[in-house]
Ligand SMILES: [Zn+2]
């Protein structure tokens, strides 16, 4: 209530100025008096907490040349922030209908009305409002962003892609990234139907829009592997590492399987060593230690993991070390080690594997679009002591 009163101070000031002007025409005086009554009534309604009546009165007093248009926008936005969408809608609709409003203010009203509809979940109406503004210099880019948000919610990927030309023209990286994910969504459906050519074409489109889309390479690797084209799949896995080092630990096992089929495990471990040296990821460490154990024996592997854990301790690395110790110990020692191993496993199980780099949302399941902030490709393995 207090915020509303502050917002309406400019209205009252504008009115004071308006009323203060000397006018020679009697009919103008009458009009001012009329406005005065409407503003006073509106403020009185606000003071007595009758907000709907206050809105009616204040909107009735609103005039195009009146300085209070901005105050009305502020009042409506405050209503929306407070979740009083019906009130925000009423004010914005009134501003949209108001004849003679300057173009910029009119566009602002349409834009804000679109946001009201979006907040209310009225996607079709919101879409109509934002579509009207696509050519606006001030609101065009912002409107595309909201339109993509709508198509993401309605899973209308094709509709989103119909704006590709415009988005490419403005070259907005964030929106290109979103469109690349729309292509990935279509490619996922084609993948489920095993339409090899369609999947490749859609993913190439995705990579053309966003060369850093590791999701496109991840899916491409899967379809290549399904069609026994492991060399191409291996290239995709390597590309994922270059694109997103934080996401890479999640594909190490798949990459291992791919190189096993290619019978090129030496190349794989060479690559994993490089990954470990550059990122110190616990998944890369465990994979590489297994390789040392197979080729150079337990002692060398133990030395390697101990040095690594001293340099950068992680719970997963320590869990692997305990497993290695258990495989070499006698039965008596195993009882206590077993207890430690179970305890660590329990601890790891209650910790989330992924965290959203944008909003901090934690999850044990991987999602390409964050369930909380809806950003694409932001859920990645947790880093640090409890993660990678
Ligand atoms: Zn998020």
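The values are calculated or read from the model by the stated rules, or taken from the named source; none is laboratory data. Bear in mind the structure is a predicted one, so any value in this text is a computation, not a measurement. Note that we place each Cβ from the backbone using ideal geometry, even for glycine, and neighbour counts take in every protein chain shown.
Summary of computed values
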{"read-out": "Some residue of segment 165-180 being crowded, with 17+ Cβ neighbours inside 10 Å and touching a strand residue (DSSP E or B) at 6+ places or on another chain (Cβ under 7 Å)", "value": "yes"}
{"read-out": "Residue match in segment 328-348 (condition: surrounded by fewer than 16 Cβ atoms within 10 Å (Cβ to Cβ), closer than 21 Å to residue 249 by Cβ and modelled with pLDDT of 95 or more)", "value": "no"}
{"read-out": "Flag for residue 291 being modelled with pLDDT of 95 or more, more than 16 Å from the ligand (Cβ to nearest atom) and either under 31 Å from the mean Cα position of the chain (by Cα) or surrounded by 12 or more Cβ atoms within 10 Å (Cβ to Cβ) (or both)", "value": "yes"}
{"read-out": "Test: residue 316 is within 16 Å of the ligand (Cβ to nearest atom) and either surrounded by 15 or more Cβ atoms within 10 Å (Cβ to Cβ) or under 21 Å from residue 213 (Cα atoms) (or both)", "value": "no"}
{"read-out": "Selected residue [at pLDDT below 90 and in a helix (DSSP H, G or I)] from 105, 74", "value": "74"}
{"read-out": "Number of the exception - residue 341 against (1) within 16 Å of the ligand (Cβ to nearest atom); (2) in contact with a helix residue (DSSP H, G or I) (Cβ under 6 Å, 6 or more places away or on another chain); (3) farther than 28 Å from residue 151 by Cβ", "value": "(1)"}
{"read-out": "Selection within segment 273-316 - out of contact with any helix residue (DSSP H, G or I) (no Cβ under 7 Å at 6 or more places or on another chain) and part of a loop (DSSP other than H, G, I, E, B)", "value": "280, 312, 313"}
{"read-out": "Top-ranked residue in segment 346-358 [being part of a loop (DSSP other than H, G, I, E, B) and out of contact with any strand residue (DSSP E or B) (no Cβ under 7 Å at 6 or more places or on another chain); ranked as nearest to the ligand (Cβ to nearest atom)]", "value": "358"}
{"read-out": "Residues of segment 208-238 satisfying the condition of being surrounded by fewer than 20 Cβ atoms within 10 Å (Cβ to Cβ) and within 24 Å of the chain's Cα centre (by Cα)", "value": "208, 211, 212"}
{"read-out": "Restricting segment 359-386 to residues that are surrounded by 18 or more Cβ atoms within 10 Å (Cβ to Cβ) and within 8 Å of the ligand (Cβ to nearest atom), the residue that is farthest from residue 244 (Cα to Cα)", "value": "361"}
